[in-house]
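Structure, as structure tokens:
Where a number appears in this text, it was derived from the coordinates with a stated rule and is not lab data. What you see is a predicted model, and the numbers here were worked out from it, not measured in a lab. FYI the Cβ positions are ideal-geometry reconstructions off the backbone, even for glycines, and counts take in every protein chain you see.
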Amino acid sequence: MKLRLIAVAAALLLAACSGPTPRAVIVDGSIKILDRGVPGIQPGAASGEWMVVRNGTDGQLNVINLQGSIAVRPDSPGGSWMGRRVATTIGATPFLRWSWYLEPQQYAGGPGEGTERGVRIVIFFRSVERPSVERYASWIGVPGPEWDRFVEFDFGGFGAQRIEDARFAKWVSDDAGRKLMLRDPRAGQAGLWHVEAVDLTEVHKHFWPNEDPTHVQVVMVAVGGLRAAIPPEASPAIGYIADVSLSK
């Protein structure tokens, strides 16, 4: 028993001494998620700020420099995502901004309505109120989970026999699967760059109306592609996400 207690104490000491997780911080009122610090763009990038999730059957994620603007291109069949850890709150940087582009080939030649195909941004939050067990663990140096809730912004559409029949929408879902439509389905959005801005305060209030979002931490912003089958003749690229930032 004594040896077991010593081992537990040593593990707790290592957790306490491992240091804080590196995170991007606010500079000049904003946090630019995709910049030259993205792994794959600049040697020696702060890779500890990033988390990449890709299973064996997921599509590739490609980091590309588009005339000076860093973009992520998810490839079919989607599923992968990469997230940057950040140190901010909704109150400090409530506005999420980004630009996006969908490849038209992804939406032509589909079987009728087909499946949802597109790109996504996921915002991970950590709420102010912590469960008692987490508070007790923090007193002895055991870190809690990085996040306890998230919302996912999806922007894509449905495959159709012809590209002009495909319809596109923008929506947000929370970790419980509840959905808020931000833009009703309409045609003609593929093949063009779009610039977006969303107030995270309002989004958080919609899904968690009983909690003041001001001090809710934003701990990570991730980008990736929706998982879906595509026409065999289409190029692998689903689309592009660029200019992602949090700001006041």
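Relative to the current alpha-carbon distance between HIS215 and SER30, full extension at 0.36 nm per residue lengthens the span by 64.9 nm. Hey, which aspartates and glutamates would be in cross-link range of LYS205, C-alpha to C-alpha under 19 Å, not counting anything within fewer than 8 residues on its own chain? Hits, sequence-local ones excluded: GLU129, ASP148, GLU152, ASP154, ASP174, ASP175.
Using DSSP to define loop residues, name the chymotrypsin sites (Phe, Trp or Tyr not before Pro) in region 160-244 whose beta-carbon has at most 13 other beta-carbon atoms within 10 Å. Mind showing how you got there, number by number?
Numbers: sites: PHE168, TRP171, TRP193, PHE207, TYR240; in loops: TRP193.
Counting only loop positions with at most 13 other Cβ atoms within 10 Å, the chymotrypsin sites (Phe, Trp or Tyr not before Pro) in region 160-244 are TRP193.
Taking amide H as placed 1.01 Å from N in the peptide plane, the amide H of ARG227 sits under 5 Å from that of GLY79, each at least 5 places away or on another chain. What the phi angles of region 234-248 give under the Karplus curve with 6.51, -1.76 and 1.60, with θ = phi - 60°, is a coupling list of 6, 5, x, 5, 7, x, 9, 10, 8, 6, 7, 8, 10, 8, 7 Hz, glycine and proline written as x.
Fully extending the segment from TRP208 to LEU66 would add 47.4 nm, taking 0.36 nm per residue of separation and subtracting the current Cα-Cα distance.
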